[in-house]
Structures are given as C-alpha cells and as structure tokens.
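So the structure is just underneath, and the comments pick up after that.
Since every read-out is calculated from the coordinates, none of them should be taken as a lab result. Predicted, not measured: the structure shown is a model, and the values here were computed from it. So basically every Cβ, Gly included, is an ideal-geometry build from the backbone, and we count neighbours across all protein chains shown.
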Amino acid sequence: MSALKNRDISLYLNSEKQSLRRFLTLYIFLVLALISLLSVSYYKSQEKLMFSNQRTVLSGYATEQVKRLKILHHYFPTRYKYPRDRRFKSAIYDIERVLIFSTLDNNHVNMDKVIYRAGNKIHFVKTLDDYYLGAMYLILEIDEDRAWFRDTIWNIIALGTIMLIVLAIFGLFFVRLFLKPMKNSIELLDNFIKDTTHELNTPISAILANVEMMDKSIMSEKNIKKLARINIAAKTVSHLYQDLTYLVLGHQRISKDEWIDLKKLILNRVDYFYILSKSKKISFQLDLEDSKLLIDPVKIARMIDNLISNAIKYNKRNGTIQIVLRDEYVLISDTGIGINSDKVNSIFDRYSRFTNSAGGFGIGLNIVKSIADEYNLKITVSSVLGEGTTFRVEFPKGNKK
Amino acid sequence: MKNIIKTIVTIGIFSTYLFSQNVFERNCLVCHEHFPASLQRMFMSYLKVYSGEITTKAALKGYLQNPDKKLSVMSDLFIDRFGIKDKTDLTEKELEEAINIYWDLYNVRNKLR
C-alpha cells in the first residue's frame, strides 16, 4: 500500500515541482527587485550622509577662504596672490558665472548645487554675501574619500545575500503551504479513480462478452447498427477502464518482458479500434514493416492503444490516421486539431487534455510517457495547429532483436 | 612777435597733450587724481557690490548719468566730504568708452596669480 502511495506521489510530483519552480522564479524575481530597491535607497542614504559630513567640513574651509578673499580684496593690487590651501583647491566666479580665478583640477562646476560629485572630486559651492574681488560663487574642491563607497557596497552584498536566503526559505515554506490544497485535490481525484475503477470491471466485461456473442445473422440492419454503437460505447469505457486500472494497479505489477511482434500488435489494435474509427469515418493508412521489441505485452498494448485512441479522439470527421512502423521507430499521425507549440511540452502531464471538448480524463498520454520512460523509449511530438499531430516513438537498441 | 610765437607754441603743445589722451584720461582721471580715494579703490567698491562686468558697467553708467547719494557705492563719510559729482556731459558713446577703459585698467581677472 505504501508503495502504491509512493507511486501516486511521484505522478503528481512533476506538476507540483513545476508550480513550485514557477512560483519560486516569480518570488525570487520580486525579492531581487525589492532588494535592489532597498540597496539603491541604502546607497543613496549613505551618499547623502557622506555629503552631509563633507559639507560640514567644507563650510568651515569656505569661511576661512572668504576671510582670505576679503583681505586680498582690501589690499589688491598691492597683494595679488590668490589664497591657496593644501587641504582644498578653489575657484571664484562672478555674478554672471564668469570665471575670475581657479586652482581646481576639475573645472566642470555646477553653481546650482551646494555639494556634488565631479569625477573623483567633490565640489562645494558657497554663495558670498559680499562680492570680494567680484566673486559671488566660491567653489571648493577636495578628493572624494571612496572608503564609504566600499563599505556601502560590502554592506549591500552581505545584507542582500542574507536577506535573499532568509526570504527564499520563507518563500519555500509559503509555497508549500499554498500548494497543499492543490496536492489534496490531486490526492482526492486519485482516490476517486481508484475506488471507481474496481466497480467498472464486471459490467464492462459482461457487456462486451454479450455483444460479441450475439448472433448478427438474425438481426435487422437497424439493430446491427445499434449493436455496433453499443460495442463502440462499451469499448470506449473498456479502454478508459484499462487506463485507470493501469494507472492504479499497473505500476505495482512486475513487468514480464517478452519479444513482441509490433506489426502483429498494431494490426490487432487497429482492428480493435476499427468500429470506433468508423463512427467518425476515419480511415487508417498503414505502412508496417517487421519489428520486434522486448517489452511487457500489457504495457506496449496500453501505449499503442492510447496513441491510436488519442489520434481518433482528436481527429476530424473523414480524417485519416497514418501508422508507420520501422525497425527503429513507430509513427502515429492524425489529421486532427493539432496543438499549440507552447502546449506541446505539457501534453504528457497528468489530467492534461488537448481541448475540453473531446472528453476523457487526460491520463492516456501520461501513461504513454510513464511506459516510455520505464523502457527508455524516446517520444517526440510534432504538431501543426489545425493540421494534425505526429507521435514518434523510437526504440532503444538494447531492446531490439 | 616773440610773444605771439610763444603763445602759439604753448597752445600747440597743450593741444597735442590733450588730444594724445583718451576719453577716460581726459574726463575722469583729471579730477580723480586729486581725490584721496583712488580710482582703484572705487573700482573695488563697485566690484564688491556688483560683481560681474556687465552689472558693474551698467551700474557705473547709470550712476554717472544720474548721480544719486542712494546709488553711490562710496561711504557716507566720503560723500559728506566730497559730495555727489555733477551729471556727466559726455555722450553715451564716450561714456561707454570711458567705462570700458576703466574696467580694463582696474579689472582683477588678469592680475591675480
């Protein structure tokens, strides 16, 4: 029983993983966006703090420099040497923003700001009340101390990483919490299928056996047609029953591999589906060569049945199904509705259907995939919307005779 | 006859001296030379109040055309002592030329080192 449970868990694990992956990708993206926003905000605040500190220092320097300019103004032109200070460089501009004198390394000044970065320098702009030497703007320049920048970047990296890890753990916890209802729904559906499967076997077998036994020679044409319809309906239910049985119990049975004549098997299964295909006026085009495969007969039958059933289900009226069998592969193509290219990758998911109009549980192709995975058969799907779908199953060399 | 020649020569020398001077030297320097506050100091006072070339020149022109105690950049003490100058009788062109020469002579820009 626990083995069965484990099998079930593994079946919906894929869709859970996919949901988990999608949610986490979105979550990580949002978390990264949030961290980036916080980082920018932190960087800006640190930069502002640095400017604020520098501004205090530079204001003091500016007051000293203004005093020197005042003295020079008073003694000009007897004294004409512009005051210099080893702690900073400076420049003076008049009211029309024309340069009077400069010792700056970077002469790209912006008099509309009080303090700003100019390359690797910091400029501080002081507006004078008295225009000594005609100067309205005094610009002070110092080298930028990059220590704050290094500290800030390190803090952002360290705190950002810790925050990312913590939020990722929270995300994982929450996603499991949110996915629990989905998990429960799938478990409920699985249990429902298990319970109903057991109740289907006897009535279906009885219907099919009796339909086969009925003497058609004494029946009117009208009744023969009615019987054919009963046969189709019963076979459809039988096919569904076998899929459900395989899904519920098939994994448990030990595979009994034997050499299967695929040509014979395909002819047999085409014959089985003949009445069903006839009801939709679908014709078969068979191009079969001899091919043998070492595989469990029940499993390969389920695989071929599902691919043919699928080709009938999604085909158009008066369509065709082409089956090509070669030594290394089998191709089953229909002339049906086709699938969108973005949905091709998800058609093997459990409970996934091409459309909602064709009925079914969406478990057939999931069974095909699980059998293919078990025997290392490579399945490729090519589909053109409105034109049809082709399934190609390649056989591994080890299983070939 | 000797006196006439002497007079003509004197007038000639004086005229040559006058016409060799520019409009600033002829009309401004003559009087300001005798003031205790030099033209350089006055220029620095203008610079301290008006800062730029265009604003300073405009202020100078405005003051010289319409001298007013309120517009003067000089101290009250200076004005009490020397008073307000008379309105200029120079044409606008001559006045602008004189101001330009004044600016070029006392401008600090090319003198700072």
Take the alpha carbon gyration tensor of region A:2-149, find the square roots of its eigenvalues, order them as a ≥ b ≥ c, and report rounded if a/c is under 1.5; if not, report prolate when a/b exceeds b/c, else oblate.
prolate
Charge tally for neighbours of A:Thr380 with beta carbon under 10 Å away, counting Lys, Arg as +1 and Asp, Glu as -1, is +1
Using a ≥ b ≥ c from the Cα gyration tensor of region A:198-333 (square roots of the eigenvalues), is it rounded, prolate or oblate, where a/c under 1.5 gives rounded and otherwise the larger of a/b and b/c decides, a/b for prolate?
oblate
Using +1 at the C-beta of Lys and Arg and -1 at the C-beta of Asp and Glu, which of A:Ile218, A:Gln46, B:Gly52 has the Cα lying farthest in the positive direction of the dipole of the protein assembly as shown?
A:Ile218
Kirkwood Rh, the protein assembly as shown, all Cα pairs: how many Å?
33.7
Give me A:Tyr375, B:Tyr46 sorted ascending by neighbouring Cβ count inside 10 Å, so fewest comes first.
A:Tyr375, B:Tyr46
Can you sort A:Phe51, A:Phe124 so the residue with the fewest Cβ neighbours within 10 Å comes first?
A:Phe51, A:Phe124
Dipole moment magnitude, nearest 20 debye, region B:23-106 about Cα centre, only Lys, Arg, Asp, Glu C-beta charged
300
Burial ordering of B:His34, A:His239, fewest other beta-carbon atoms within 10 Å first:
B:His34, A:His239
Backbone HN-Hα couplings from phi across region B:87-103 [Karplus 6.51/-1.76/1.60, Hz, Gly and Pro as x]:
4, 5, 9, 6, 6, 4, 5, 5, 4, 4, 5, 4, 5, 4, 5, 4, 4
I'd like the Karplus ³J(HN,Hα) series for region B:58-69: coefficients 6.51, -1.76, 1.60, θ = phi - 60°, whole numbers in Hz, and an x wherever there's a Gly or Pro.
5, 5, 4, 4, x, 5, 5, 7, 9, x, 8, 4
For region A:295-353 and region A:172-241, compute the distance between their C-alpha centroids and round to whole Å.
19
Taking Lys and Arg as +1 and Asp and Glu as -1, residues besides A:Gly336 with C-beta under 11 Å from its C-beta add up to +2
